[in-house]
């Protein structure tokens, strides 16, 4: 993976003066997936007006930039059918390309080294590692005890990721990205519904937002324990 710019602040690379040259020619647009309308709305943030809309596959959930920042991917999870797909958008023109059929892409991430896309197949409790450009399947990791596998963040060294398990009491699953296997599960003291997760600036802990607990759990990523 690329070196961390500042080990004390993982987010230092998101400063206004740190924009990647790869994103330099991108249009200033906000892309909003419309799950019920099977479309994406395009908003000009300068005027706060909708300047376009285009159809995508059934039940679009997220719009995710590729690792190389050359493509935006719309994750259309198919509304619990076998019609899931990923729709590419050219960020320089704002136009969509041809959708690629993919099973149940509720969410989408990329490994820190950029070698794989990770399709979060929520309905199947599975992570599908795919070619980051063609989306051809490379490998799958089953996470049978993670109902509603959902959002994720990565360790500071890129060796593991932690995904939230939203349903059936909620919890987390830790994934070894080197050997590509499940390292373990973490359940919280009471029934919850964890959704998003973010690593701390120094990489020492993960913050897990739980909508049922009305709060945030703090987890040590290396020991995989609640602090």
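Rounded to the nearest 0.05, the FRET efficiency derived from the C-beta distance between residue 4 and residue 191 at R0 = 41 Å is 0.70.
Plainly put, the stretch 1-65 has a radius of gyration that is 1.10 times its Kirkwood radius, both from alpha-carbon atoms, as the Rg/Rh ratio.
Remark: the stretch 73-134 is approximated by an ellipsoid whose semi-axes, taken from the C-alpha gyration tensor as √(5λ), come to 19, 16, 8 Å, largest first. Most mobile of 111, 71, 47 per a Gaussian network model of the chain (Cα springs, under 10 Å)? Ranking 111, 71, 47 by mean-square fluctuation puts 47 first. With contacts taken as Cα pairs under 8 Å and at least 6 residues apart, the stretch 70-161 reaches a relative contact order of 18 percent.
The share of Cα pairs per 10 Å bin across the stretch 6-127, counted from zero up to the longest distance, runs 13, 40, 33, 13, 1 percent. Pairs of Cα atoms nearer than 8 Å and 6+ residues apart set the relative contact order; for the chain it is 11 percent.
When the Gaussian network model of the chain links Cα atoms closer than 10 Å, the mean-square fluctuations of 194, 55, 112 top out at 55. Residues considered: 170, 192, 37. Largest GNM mean-square fluctuation over the chain, using C-alpha springs under 10 Å, is found at 37.
The coefficient of translational diffusion for the stretch 103-227, derived via Stokes-Einstein from the alpha carbon Kirkwood radius under 4 °C and 1.567 mPa s, stands at 90 µm²/s.
Subtracting the Cα-Cα distance of residue 51 and residue 134 from 0.36 nm times their residue separation leaves 27.0 nm of extension gain. Here the spin labels are modelled as points 7 Å beyond Cα on the Cα-Cβ line, and at residue 183 and residue 115 they lie 1.7 nm apart.
Where a number appears in this text, it was derived from the coordinates with a stated rule and is not lab data. Only a predicted model underlies this, so the values are computations on that prediction, with no experimental measurement involved. Using ideal geometry, Cβ is built from the backbone for each residue, glycine included, and neighbour counts are taken over all protein chains shown.
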